[in-house]
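**Q** Let me give you the structure first, and then I'll get to my questions.
Every number in this text was worked out from the coordinates using simple rules, so none of it is lab data. What you are looking at is a predicted structure, and each value in this text was computed from that prediction instead of being measured. With ideal geometry, Cβ positions are generated from the backbone for all residues, glycine too; neighbour counts draw on all protein chains shown.
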Amino acid sequence: MTRIIAGRAGSLTLEVPDAGTRPTSDRVRESLFGALESADALRGAAVLDLYAGSGALGLEAVSRGAARAELVEKAPRAASVVQRNAARVAKAIGRDAAIEVHRSAVVTYLQAVRGPFDVVFVDPPYDLAEHDLAHNLELLVRSLAPGAIVIVERASRSPEPALPAGLVADRSKRYGDTTLWWSRPAAPAADDADD
């Protein structure tokens with residue numbers, strides 16, 4: 001069972017797709033969102049949840065004060081689950097929660113999206129090839145707000161994600177079989193700042 005941990009929709013139970021997804025554990029989400037809240041990264045934020053699965057990460061962010069969330073999920077059955085979960089969270093919050101579900105491949109979505117996003121969750125299937133993840137991160141860079149936070153969730157046995165130009169590693173934290181890799185946009189070069 002997956003649930004919204006805290007915020008305006010706290011304790012709301014979420015559906016989980018019956019196959020093909022790997023929900024982030026409550027323990028990892030509690031730690032992740034504790035760190036985001038201590039950095040005051042959620043209040044009023046624009047959030048992007050790639051490979052959304054059940055939508056738990058993006059919906060947790062909205063419950064805790066994010067202004068809007070876009071959730072991207074390619075698998076039709078999972079996308080239907082995300083849509084139902086999004087509707088339930090929006091109803092629980094009791095305001096016009098700006099939650100949009102995109103039934104799309106991540107690469108297709110990133111080729112068209114403009115952003116800017118303040119917080120991005122990237123939780124791909126464990127079998128996603130490393131070069132595909134690197135390509136998606138490269139496409140993502142242009143849609144990031146200055147000071148954005150990008151969090152990649154991977155199996156601890158997976159290598160550190162290869163970051164493109166435009167993203168710099170911030171930190172990582174291991175939780176048993178799962179590791180979260182945090183990164184931020186690179187500071188613009190001095191000559192870029194003068195333009």
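**Q** Quick one: work out the % antiparallel among DSSP beta bridges in the chain, nearest 5.
**A** Taking every DSSP beta bridge with both residues in the chain, the antiparallel ones total about 45 percent.
**Q** Expressed as a rounded percentage, what relative contact order does the chain have, with Cα pairs under 8 Å and six or more residues apart?
**A** Computed over the chain, the figure is 16 percent.
**Q** Moving on to the next point. With Cβ to Cβ distances under 12 Å as the rule, what net charge do the other residues near Glu130 carry (K, R +1; D, E -1)?
**A** -2
**Q** Sticking with this structure for a sec: Report Rg/Rh for the chain, rounded to two decimals, where Rg is the Cα radius of gyration and Rh the Kirkwood radius.
**A** Rg/Rh for the chain comes to 0.94.
**Q** Provide Arg43, Arg88 in ascending order of the number of other Cβ atoms located within 10 Å of each residue's Cβ, fewest first.
**A** Arg43, Arg88
**Q** Right, something else. Within a 10 angstrom radius of the beta carbon, how do Tyr126, Tyr51 rank from fewest other beta carbons to most?
**A** Tyr126, Tyr51
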